[in-house]
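Peer 1: Can you keep this structure in mind? I'll have questions shortly.
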Amino acid sequence: MALEVDLIHSLITNKHIVPALKKLPAEYLQVPEVKVMYGFIIDYFKKYKSSPTPQQLKEKFPDYEHKVETTDVDYFIDRLIERRVETGLAEVLVQGSTKLKEDGGLKALNQIRQAIMKLNVLTMKDEDIDITQNTDERRERYIERSAIKGLIGIPTGLPSIDNITNGFKKKELITICGLTAVGKSFLTTCFAVNAWKEGYKVLFLTLEMSREQIEERFDCLAANLSHYELRRARLAQEELKRYNEYLEGLKVRPPFIVSSPIDCTQSVIFSKIQEHKPDICFVDYIDLIRDEKEGRDFYKTANIIGDLKMFANALNIPLVVVAQISRQNFSREVEDLPSLENIASSHRIPRDSDVVIAVHQTHKQQEDNIMMLGVIKNRDGKLLRKLDLNWDLDHGVIGEKNEKGGPII
C-alpha cells in the first residue's frame, strides 16, 4: 500500500501526471481507495489540464493526508509495473497448474503462452521523438539510403518490387496472397532467402510444409540449383560439387531459422520472435494459425491479423504472412491478378496489411514458366499492377523478365 500512496503524493507534489496517464492504467493498483483516488487525479487532469491541489484532494477524500514526495513519478510507475509483472507471473503459474490438472498439458501451455505474451507487451516502452531535434540522425539516414539507391527496408530480390516499396520495412505487416498451389509459399521462400543473402537473420515459421521441404527450397534458391533435380538427388556432377561447397560455407553465414510449431497461436509466434530476435519473420500461412481468443470463422482471422500487425509494430520488424484467395470469386484461369476484395476470410487482412503482394499463374503460364505478381496495396507508395517473372524451378531460375525475356536475378 505504501508504494501506491507514495505515488499519489508524488503526483500531487510534482504535478507530473502525463507519465501516469500514458503508462499506468488504474487496474495496476491494488488498494481500492487508492485506485479511486488515482482515478480522480487522472480525470481531474483530463478535464482541467492540471493536477488537483492537496486541499482539493483532501476535500474529496477526507482521510488523505498529504506528504511532500520529491521522488519522480516515473520511479513509482516503474515499480508498480514491475509489481504487476511479478503478480502476473504468479497468477500464470497458479492458473497454469490448475489448467494442467483439469485440461492437460497442451491447453495449460497455450494459456501460459497467452499470458506471457500479454506481460511482454506490458513491459515494452513507447518511443516518442521530437523530430525537430533529431536532424543529424535524419541526415545520416539519408546518406545511408543514397548509398543503396534509397532502399530503406530489407530487399526482396525483385528490383521492381523494391523500387516502389523500398523493401520490407520495420513495423510493416506484408501479406502475400494467391490461390492454392500457384506458388505463394515458394515466392515467400524466395523473399526469405534473399533477405538472408543480404545478411539479415531470418525466422521462417512453416505451418504447412515440413522442415525438409523448406531446406530443399532454401538450397535450390541459395545455391541456384534445380529444385526438381535436388529433390530427386539427381544433380549433375558439377552441380553436386557446387552444392557440397555451398553446404560447407553455410555455417559462417547469418542464421536462417525454420520453425514448425505443432499448435501455432498468436502467443507462439510472439514467443518465437522474442526467442530468436530475427531481422524479419515469415509465417506460412495465416489460415493454419489457431486463434487463441477462440474467434469463429470471420472473427478468427480478424483476431489473428490484428495481433500480427501489433507484433510487427511492437517488435520493430517486418512480418510477412501468406493468405489465401477465395475460389468463390476468382479462378485459376483468370488472366489477371486478384484484387484486395478477393482475399479470403476477413477484410482485416487488406485493411491491417501495409503491403499486399498478389501472385497468380494460369495453367498456360505454368507451362510457359511464367509467374504474375503485383503490389495491390502499398501504404507508403505506388502500386505495381503486374510484373511477369521467369519461374523455372526445373533450372533454378526465378526472377524478373528483362526486355529480352531473360532472367535479371
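Peer 1: Here is a list: D63, D43. Which entry is in contact with a helix residue (DSSP H, G or I) (Cβ under 9 Å, 6 or more places away or on another chain) and loosely packed, with under 14 Cβ neighbours inside 10 Å? Working first, answer last.
Peer 2: Numbers: D43 fails: in contact with a helix residue (DSSP H, G or I) (Cβ under 9 Å, 6 or more places away or on another chain).
Exactly one residue qualifies, and that residue is D63.
Peer 1: Please enumerate the residues belonging to the range 288-330 that are of a type in the set (K, R), at pLDDT below 90 and in contact with an Asp or Glu (Cβ under 8 Å, 6 or more places away or on another chain).
Peer 2: Filtering the range 288-330 down to residues of a type in the set (K, R) leaves 290, 293, 296, 300, 309, 327.
So of that shortlist, the ones also at pLDDT below 90 come out as 290, 293, 296, 300, 327.
Once the filter is applied, which keeps residues that are of a type in the set (K, R), at pLDDT below 90 and in contact with an Asp or Glu (Cβ under 8 Å, 6 or more places away or on another chain), the range 288-330 yields R290, K300.
Peer 1: For the range 138-159, indicate whether the set of residues that are small (G, A, S) and either touching a strand residue (DSSP E or B) at 6+ places or on another chain (Cβ under 8 Å) or at pLDDT 85 or above (or both) is non-empty. Talk me through it step by step, then tell me what you get.
Peer 2: The initial filter retains those residues of the range 138-159 that are small (G, A, S), namely 146-147, 150, 153, 157.
Of the ones still in play, those that are also either touching a strand residue (DSSP E or B) at 6+ places or on another chain (Cβ under 8 Å) or at pLDDT 85 or above (or both) are 153, 157.
Yes, the range 138-159 contains at least one residue that is small (G, A, S) and either touching a strand residue (DSSP E or B) at 6+ places or on another chain (Cβ under 8 Å) or at pLDDT 85 or above (or both).
Peer 1: If we scan the range 273-282, do we find a residue that is within 14 Å of I349 (Cβ to Cβ), in contact with a Leu (Cβ under 8 Å, 6 or more places away or on another chain) and either hydroxyl-bearing (S, T, Y) or assigned by TED's automatic domain parsing to the domain that holds W196 (or both)?
Peer 2: Quick first cut of the range 273-282, residues within 14 Å of I349 (Cβ to Cβ) only: none.
No: the range 273-282 contains no residue that is within 14 Å of I349 (Cβ to Cβ), in contact with a Leu (Cβ under 8 Å, 6 or more places away or on another chain) and either hydroxyl-bearing (S, T, Y) or assigned by TED's automatic domain parsing to the domain that holds W196 (or both).
Peer 1: Additional query: How do the pairs read when you match residues in the range 254-277 that are closer than 24 Å to T301 by Cβ with residues anywhere that are among the acidic types (D, E), using Cβ under 7 Å and keeping only pairs 6 or more apart or on different chains?
Peer 2: Close Cβ pairs satisfying both conditions: T265/E292; Q266/E292; Q266/D307; S267/E292.
Peer 1: Return yes or no: is D284 charged (D, E, K, R) and modelled with pLDDT of 90 or more?
Peer 2: Numbers: charged (D, E, K, R): yes; modelled with pLDDT of 90 or more: yes.
It is true that D284 is charged (D, E, K, R) and modelled with pLDDT of 90 or more.
Peer 1: Next question, about the same structure. Considering only the range 67-80, how many residues are within 18 Å of V31 (Cβ to Cβ) and either out of contact with any Leu (no Cβ under 7 Å at 6 or more places or on another chain) or of a type in the set (S, T, Y) (or both)?
Peer 2: Start the filter on the range 67-80 by keeping residues that are within 18 Å of V31 (Cβ to Cβ), which leaves 67, 69, 73, 76-77, 79-80.
Cutting the leftovers down to either out of contact with any Leu (no Cβ under 7 Å at 6 or more places or on another chain) or of a type in the set (S, T, Y) (or both) gives us 67, 69.
Result for the range 67-80: 2.
Peer 1: Report whether or not I343 is crowded, with 22+ Cβ neighbours inside 10 Å, touching a residue at least 12 places away in the same chain (Cβ under 8 Å), of a type in the set (A, V, I, L, M) and within 22 Å of K118 (Cα to Cα). It would help to see each step written out before you state the result.
Peer 2: Details: crowded, with 22+ Cβ neighbours inside 10 Å: yes; touching a residue at least 12 places away in the same chain (Cβ under 8 Å): yes; of a type in the set (A, V, I, L, M): yes; within 22 Å of K118 (Cα to Cα): no.
For I343, the condition - crowded, with 22+ Cβ neighbours inside 10 Å, touching a residue at least 12 places away in the same chain (Cβ under 8 Å), of a type in the set (A, V, I, L, M) and within 22 Å of K118 (Cα to Cα) - is not met.
Peer 1: I'd like to know if the range 362-373 contains one or more residues that are buried (at least 18 other Cβ atoms within 10 Å of the Cβ), in the same structural domain as V268 (by TED's automatic domain parsing) and under 21 Å from the mean Cα position of the chain (by Cα).
Peer 2: The answer is no, given that none of the residues of the range 362-373 is buried (at least 18 other Cβ atoms within 10 Å of the Cβ), in the same structural domain as V268 (by TED's automatic domain parsing) and under 21 Å from the mean Cα position of the chain (by Cα).
Peer 1: I've got another one for you. Consider the range 159-173. How many of its residues are of a type in the set (D, E, K, R) and without any contact (Cβ under 8 Å) to a residue 12 or more places away in the chain? Please lay out each step first, then the result.
Peer 2: Taking the range 159-173 as the starting set, the residues that turn out to be of a type in the set (D, E, K, R) are 162, 169-172.
Restricting the remaining residues to those that are without any contact (Cβ under 8 Å) to a residue 12 or more places away in the chain gives 162.
The total comes to 1.
Peer 1: Filter the helices (runs of 4 or more DSSP H) completely within the range 202-276 down to those with at least 1 residues that are within 26 Å of the chain's Cα centre (by Cα) and either buried (at least 17 other Cβ atoms within 10 Å of the Cβ) or hydroxyl-bearing (S, T, Y) (or both). It would help to see each step written out before you state the result.
Peer 2: Numbers: elements: 211-223, 227-231, 237-249, 266-276.
It comes to 211-223, 266-276.
Peer 1: Please verify whether the range 380-389 includes one or more residues that are modelled with pLDDT of 95 or more and under 19 Å from the mean Cα position of the chain (by Cα).
Peer 2: No, the range 380-389 contains no residue that is modelled with pLDDT of 95 or more and under 19 Å from the mean Cα position of the chain (by Cα).
Peer 1: Would you mind finding the one in L57, L7 that is touching a residue at least 60 places away in the same chain (Cβ under 8 Å) and more than 26 Å from I116 (Cβ to Cβ)?
Peer 2: Values: L57 fails: touching a residue at least 60 places away in the same chain (Cβ under 8 Å).
Unique residue meeting the criteria: L7.
The values are calculated or read from the model by the stated rules, or taken from the named source; none is laboratory data. Values in this document were obtained by computation on a predicted structure and should not be read as measured data. All Cβ positions, even for glycine, are placed from backbone atoms using ideal geometry, and neighbour counts span all protein chains on display.
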